[in-house]
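Notes follow the structure.
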Amino acid sequence: MENFGYPLEELAAIVAEITPKYVGYEHSSITYEKAQMLMEGVLYCIQECMGQDSHALAEDKLPAQKAYTLGQKIVSDKFQKLQLIYNKLIFDFKDYGLNCLKDTVAKGMPAFIANYDLKFTPQETLLTLDYPLLKKSVTSTGIDAVLEYLECIDLEQQFLQKFDDSYIREILCAYHTDYELLLENICHIVLQNIIGHLIVDKPLTCKGFSPDDIAYIEDIFYQKSVAEIERFITKLVRLLTERYYDNDAALSNYLRCDIPDIAARIQLGMREHLWEGIFLV
């Protein structure tokens, strides 16, 4: 992790200041590994400050100690935000039987909240975040990674809870008889099925895709490139969020993360004339 142009002596002074609080005042020394861990925490907080404080990027940038203190406040605020989102989300959280989603949200998140040390090791993510998101670019660590992850889960719950539990489970069962064991994203499976309904203008209550429906879909996408398919699906996702989700921009942007994967699968379906696993119920 970069030092943002601060002299090592200035950063080491911060580590020396927080070390007694970390080890207990009766001790005066720590191992090199522990000192390195604390330094990473200091740099993580400074990075948080750099990301939100324009003064920190100016020529007369903040002293390292000030940037660290402000960064710690940002970390603390994000941790409180995460707790608020989680407390609201878990009240009506549904895992639809998917084990990796249940383990990550209902078990992993409380463990993170209980064990996250925002004072000394804010850079540690602690969770493996096994349940895959539609968004593929969660590359940060610590509270940033977990907060972004939980915000995505919150959007997924908003999307899925517009439908009956039985409908979601029916789609998942049609996708895989033992879907409970999969490490796959529920929204991806559900969204591509709904895209099929939107293409043929069929209400969700009219289940199943007839040979005529499939023929119509193949006619729509005949000789279209992946980029053209993506543009077509983007319009459908926009229509979906406008019609059923009050044009929620955050949800629309999140669902659009899945468009490249859906477009690629549709093109493969066109090439092989095989739609199993795409349009399900």
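The values are calculated or read from the model by the stated rules, or taken from the named source; none is laboratory data. Please read all numbers here as calculations on a predicted model, not as lab measurements. So basically every Cβ, Gly included, is an ideal-geometry build from the backbone, and we count neighbours across all protein chains shown. Heads up: the accessible areas ignore ligands, DNA and RNA and are worked out on the full protein's heavy atoms, side chains in. Shrake-Rupley method; radii C 1.70, N 1.55, O 1.52, S 1.80 Å.
Remark: pairs (first residue in the stretch 112-131, at pLDDT below 95; second residue assigned to a loop (DSSP other than H, G, I, E, B) and open to solvent by less than 40 Å² (accessible area, probe 1.4 Å); Cβ separation under 7 Å; 6+ apart in sequence or on different chains) = L126/Y116. For the stretch 179-192, state whether one or more residues are loosely packed, with under 13 Cβ neighbours inside 10 Å and part of a helix (DSSP H, G or I). Within the stretch 179-192, one or more residues are loosely packed, with under 13 Cβ neighbours inside 10 Å and part of a helix (DSSP H, G or I).
Cβ separations smaller than 6 Å between residues 6+ apart or across chains give no pair from the stretch 144-169 residues that are under 14 Å from Y244 (Cα atoms) and open to solvent by 10 Å² or more (accessible area, probe 1.4 Å) to residues that are β-branched (V, I, T) and part of a loop (DSSP other than H, G, I, E, B). Based on what the data block shows, is P122 in contact with a His (Cβ under 9 Å, 6 or more places away or on another chain), assigned to a loop (DSSP other than H, G, I, E, B) and on the phi < 0 side of the Ramachandran plot? No: the conditions fail for P122. A174 falls short on exactly one of the conditions (1) crowded, with 17+ Cβ neighbours inside 10 Å; (2) over 22 Å from D130 (Cβ atoms); (3) in contact with a Phe, Trp or Tyr (Cβ under 9 Å, 6 or more places away or on another chain), and that condition is (3).
Taken over the stretch 93-147, the criterion of being under 21 Å from E40 (Cα atoms) and of a type in the set (K, R) is satisfied by K119 alone. Listed by position, the helices (runs of 4 or more DSSP H) contained in the stretch 216-281 that have at least 3 residues being touching a Ser or Thr at 6+ places or on another chain (Cβ under 7 Å) and within 28 Å of Q157 (Cβ to Cβ) are 226-244, 249-256.
Taking interchain pairs and intrachain pairs at least six residues apart, which have beta carbon atoms under 7 angstrom, with the first residue in the stretch 76-93 and assigned to a helix (DSSP H, G or I) and the second aromatic (F, W, Y) and open to solvent by less than 70 Å² (accessible area, probe 1.4 Å)? Listed pairs, sorted by first residue: F79/Y116.
Scanning the stretch 245-281 for residues that are closer than 12 Å to L191 by Cβ and open to solvent by 90 Å² or more (accessible area, probe 1.4 Å) yields a single hit, R256.
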